[in-house]
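Structure first, commentary second.
The values are calculated or read from the model by the stated rules, or taken from the named source; none is laboratory data. Everything numeric here is computed off the predicted structure, so don't read it as measured data. Glycine also receives a Cβ, built like all others from the backbone with ideal geometry; neighbour counts cover every protein chain displayed. Note: areas computed on protein heavy atoms with side chains; ligands, DNA, RNA excluded. Shrake-Rupley method; radii C 1.70, N 1.55, O 1.52, S 1.80 Å.
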Amino acid sequence: MAAPAMPASPLTDAPKKPWYRQLYFWVLTAIVTGVLTGWLWPEAGTALEPVGTTFVAAIKMLITPIVFLTIVAGIGSVDSLGRVGRVGLKSLLYFQAGTLAALLIGLLAVNLFQPGAGVHAHPGDLHLEGDASQYVKEGQNQDWWHFLTDLVPTSAVGAFAEGNILQVIFFSVLFGIALKAVGPVGEPIVDGVQRLSAVVFKILHYVMLAAPVGAFGAMAYTIGEYGISTLTSLGRLIGLFYGTSAFFVIVVLGTVTAALKINIFRLLRYLREEFILVLGTSSSESALPRLMAKLEGLGVRRDIVGLTVPTGYSFNLDGSSIYLSLAAVYIAQATDTPLSIGQQLGLLAVMILTSKGSGGITGAGFIALAATLSTVGTVPAAGIMLIFGIDKFMSECRALTNLAGNSVATLVVARWEKTLDVARVNRILHAREQPPRPDEKPSRQTDLPTQLPTKA
């Protein structure tokens, strides 16, 4: 019997848009314009806050339904529920390894360069105020095992309403497994989910038309509210964080992709629109739906994308992990708090747990940092006031690194499952094959196995 023909995607032969019509060009232009607006007219920039927050809210509005539909459709289309469990287990194993590597690299960098040396801040002179005080309070009330108890929602509808990705994943996996278990009865529902996905991705396309406006408002507010001078006052710490994150992405993640025979720079270029969108909005969530579609466009199986990417937004926060280790030891250095190697490793062990399950929560980085410092007790939690002013500028780097880490993680899991067509990935990354547009629902081509049966 001859191998079935691969269905052609209607978008495969679509002509490439000129650079001035690409989304990344307009978002990048909006970022530059926003920076200038916030710098030259700070009051006007601050007043533009609702523009940025409204766009991010519009994206968040679609995240939970897209995660639900993608996971359910993915599980419903697999031939074995055992494959779902295998993908989930492999994803969590990789996430744990990635988190540990990020924490260790951050720890090594802050000890090597010691950005907090010479600050000599007295803990008694530091007073928690405003949002920082609230974040510390939440962190002190947050136990290390919170992500386990927060996994199960008290209401399925509430999980969607609150935008809790981790709880939506939990409910979606249960729903998908039950749908698969009922057999033929659930097949019409799976088909309905596929059709509904097309509608939701079309809504996403409409929302993304406002991306440049949202990026302009978000960047103008950030510069207008905090000022460019804030960047220079703690420039050494900011530079170390950005440099360490770049090292992690290029060297660590680059080594991982090289083992897959994929070039990290071409992968980053392929995802440039998503990175620029994250840079403009300071939120990795704004690129989540497009990232999932882009990875499916590379040929990664839908169930792998649906399970790995959303789960990674809670469990594979490489940028947040680097930030945690850098910030905790920086505060110790700045307050002249001595930390032995054993104490630093103790901090690291707690961070492995406190860094989990915080994706999508406002102030998640500060809450996790406060929870870590409160649990260990060796570094004064009030020291977070030293870095509170630059957190907005640090959040961009956290989000960018998280995005890169989850992209690579998805490719690794797909390779472990032996379903990643590396040759096709490289053809797309080298622009020799046009992938489906990320603002449209991917074609059913991505549902098919990459290795088609040969003639018997």
In what sequence, highest mean first, do 288-300, 48-60, 197-209, 179-191 appear when ranked by Cβ atoms within 10 angstrom?
288-300, 48-60, 197-209, 179-191
Starting from the 7 Å offset along Cα-to-Cβ, what nm value, one decimal, do you get for the label separation of residue 246 and residue 430?
2.8 nm
Just to confirm, what accessible area per residue do you get for the range 205-325 at 1.4 Å probe, in whole Å²?
29 Å²
Linear extension gain, residue 120 paired with residue 46, 0.36 nm per residue minus alpha-carbon span:
23.4 nm
For the cross-link pairs 180/202; 356/392; 261/392; 261/294, which exceed 24 Å when the distance is taken from alpha carbon to alpha carbon?
180/202; 261/392
Order of 109-115, 165-171 by packing, highest average Cβ count within 10 Å first?
165-171, 109-115
Rough spin-label spacing in nm, given labels placed 7 Å along Cα→Cβ, for residue 33 and residue 187
5.2 nm
Over the alpha-carbon set of the range 189-328, work out the extent along each principal axis and list the three values in angstrom, largest first.
56, 39, 27
